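What follows is a short report on a single structure.
Every number in this text was worked out from the coordinates using simple rules, so none of it is lab data. On a predicted model such as this, the values are computed, not experimentally measured, just so you know. When we count neighbours, we look across all protein chains shown, and the Cβ atoms used for this are built from the backbone with ideal geometry, even at glycine.
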Amino acid sequence: MNAEQYKQIKMDFERDGYVFIPGFFNADEVTAVKWELERFIAEIVPGMPVNHVMYENKADASTLKQMQDLQAHSVFFNQLMCGSELEKLAEAVLGEKVIGKNVEYFNKPPRIGKSTPPHQDAFYFNIKPTQAVTMWMALEDADEQNGCVSYLSGSHKKGMRPHGRTSTIGFSQSITDYGTAEDLASLKSFPAKPGDLLIHHAMTVHTAGPNTTESRSRKALGLIYFGESAQPDHEAKEAYMKALSTQSV
């Protein structure tokens, strides 16, 4: 990407809190990611910490829905995150050097894939300043039938919304006052093709619907970067952990 493209991406990101880049990865690159995921699931997942691998139904391996810290177990995913074009993009939109924190896998299995509750990633991150970005790479077609991602435009500029406990596996928190007329008016959905890339700020409100299709999964890869200026907010972390222990599911 050239300097003008980076400039435009940063402008869009700062205005909306997200940016959509169609076809960022080509077909061969998407295939390589899928191959590594297949190997990872077959060879690495059986030995991973149980809290890093989540299923819609623990008794059914085909319902795998989420994995954490792939970069810690795979040179391939570590290289995808660190020293890569994705890292350069993260630095461009945040305006500073970044640290790769997590490579995640997301899926919504057909028929049973649950909605992703509306939330802000910064609520989980507990950092200040909230200099962080999440990237979402589509590995399959994503649309409103199988749960494409939706954002509230400009929500990254409006502060932290109140969150409360949910029963959704992998997403413990949901915005409790979500669904106002203002929310619905600014909600923008992003159907995606394999290789398309979404980037959003840690304060941007986002959500995704359930997978209501009979046979189509909705697989994607997520990467999280923190800006170098982001430091642990111990007070926020303590409050978050206290809330988790007292809120009912």
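Quick look at the values:
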| read-out | value |
| --- | --- |
| Mean ellipticity per residue at 222 nm, deg cm²/dmol - from DSSP H runs of n ≥ 4 across the chain, formula -39500 (n - 2.57) | -8500 deg cm²/dmol |
| Answer label for Cα extents along the principal axes in Å (calculated), chosen among [x] 51, 37, 37; [y] 75, 47, 25; [z] 49, 41, 35 | [z] |
| Whole-Hz couplings from phi, Karplus 6.51/-1.76/1.60, listed for the stretch 142-155; x for Gly and Pro | 10, 9, 6, 7, 10, x, 5, 7, 10, 10, 8, 4, x, 5 |
| Choice from LYS157, LYS108, LYS58 with maximal GNM fluctuation in the chain (Cα, 10 Å cutoff) | LYS58 |
| Efficiency of FRET between ILE44 and THR168 - r from beta-carbon atoms, R0 35 angstrom, step 0.05 | 0.90 |
| Dipole in debye (nearest 20) - the chain, about Cα centre, beta carbon charges: Lys, Arg +1; Asp, Glu -1 | 500 debye |
| Sequence-distant residues sharing a close amide H with THR116 (under 5 Å, placed H) | ALA208, GLY209 |
| Shape category assigned to the stretch 15-62 from the gyration tensor of Cα positions, a/c cut at 1.5 | oblate |
| Size of electric dipole in the stretch 76-166: Cβ of Lys, Arg +1 and of Asp, Glu -1, about Cα centre, debye, nearest 20 | 540 debye |
| Spatial separation of Cα centroids for the stretch 1-64 and the stretch 152-207, in angstrom | 18 Å |
| Cβ-derived FRET efficiency at R0 51 Å, VAL75 paired with GLU182, nearest 0.05 | 0.65 |
| Amide hydrogen neighbours beyond the local backbone of ARG218, cut-off 5 Å, H modeled | LYS108 |
| Among GLY195, PRO117, MET48 - extreme Cα towards positive end, dipole of the chain, charges at beta-carbon | PRO117 |
